[in-house]
1. At a Förster distance of 45 Å, what's the computed FRET efficiency of Ser126 paired with Leu210, Cβ-Cβ distance as r, to 0.05?
2. Contour minus end-to-end for Glu86 and Ala133, with contour as 0.36 nm per residue of separation and end-to-end as the Cα-Cα distance?
3. Amide H of Leu157: which non-local residues (sequence gap of 5 or more, or other chain) have their own amide H closer than 5 Å, using H built in the peptide plane?
4. To the nearest 0.05, what FRET efficiency results for Glu182 and Glu100 with a Förster distance of 22 Å applied to their C-beta separation?
5. On average, how much accessible surface per residue is there in the range 86-210, in Å², for a 1.4 Å probe, leaving out ligands, DNA and RNA?
6. Based on the Cβ-Cβ distance of Arg73 and Gln198, what FRET efficiency does E = 1/(1 + (r/R0)^6) give at R0 = 41 Å, to the nearest 0.05?
7. Calculate what fraction, in whole %, of the accessible area of the range 120-210 sits on carbon and sulfur atoms when a 1.4 Å probe is rolled over the protein chains.
Amino acid sequence: LILQTKGLDTMEFSNKHLKVLYWASLFCLLSVGFAVADNHGDYEHGDYEHGDDSDQSLRLEEKERQREEERQRLEKERRAEEWEAEKRRRREELDRNQREWEAEQERRRAEEGEHFDEDAYQFERSMMERRRALDERSITTDDEERRAWDDLYSRELDGPEFEQEREKLERRSADRRRELDEAFRELDEEQSEYWNNQYRKAQQDRREEL
């Protein structure tokens with residue numbers, strides 16, 4: 001009986017011990033499960049936030065790129081409008097000078113009558129037309145060079161290639177300017193030579209009259 005009682009006590013104790021172990025193990029498992037779930041949730045949330053930050057950064061970069069392209073487009077349009085205004089101003093000035101010269105010649109023709117030098121008038125008129133052609137050539141040259149520079153900058157070349165193309169444009173521009181300057185100089189020399197000859201002829205005529 002005593003042994004049986006001891007056996008029952010021992011069994012009861014063992015059952016209680018097992019229950020404690022069971023609940024302790026279950027609590028540990030639940031704690032570990034919650035911890036894993038929390039960590040997994042944090043990881044997913046972190047990935048989501050990281051992905052969201054990356055998408056936002058890309059959107060900001062795209063907006064900045066679009067703003068820069070728009071700024072460049074507006075700047076190009078502004079320069080084009082300014083250049084068109086400059087061309088109109090230069091041509092209007094050429095037209096005004098020619099009208100004023102023609103008006104002065106008509107005034108002299110009316111005053112001098114038969115003594116008006118028609119040959120000199122025709123010569124000066126041809127000089128003005130040739131000079132106007134050179135002025136138009138100068139405007140066209142400026143226009144082509146402006147477009148060439150705009151095209152160069154729009155190509156976004158790297159450093160060495162950009163410098164090479166820039167030097168080509170500068171050399172071409174210098175050559176064309178030199179040709180124009182030479183053409184204007186030759187025109188001025190021809191005009192000066194004509195009037196020097198006219199002066200010498202007038203002096204010779206005066207000496208013969210005397």
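The values are calculated or read from the model by the stated rules, or taken from the named source; none is laboratory data. Since the model is a prediction, treat every value here as computed from it, not as a measurement. Virtual Cβ from ideal backbone geometry, glycine too; neighbours counted across all protein chains shown. The accessibility values were calculated without ligands, DNA or RNA, using every heavy atom of the protein model including side chains. Shrake-Rupley method; radii C 1.70, N 1.55, O 1.52, S 1.80 Å.
1. Numbers: r = 33 Å, r/R0 = 0.74.
Here the calculated transfer efficiency is 0.85.
2. Working: separation 47, 0.36 × 47 = 16.92 nm, distance 1.75 nm.
In short, 15.2 nm is gained.
3. When sequence neighbours closer than 5 places are left aside, there are no close amide H contacts.
4. That gives a FRET efficiency of 0.20.
5. Details: 9100 Å² over 125 residues.
Dividing the accessible area of the range 86-210 by its residue count gives 73 Å².
6. Numbers: r = 56 Å, r/R0 = 1.38.
Computed FRET efficiency for Arg73 and Gln198 comes out at 0.15.
7. On the way: 2960 of 6410 Å².
Reported share for carbon and sulfur atoms: 46 percent.
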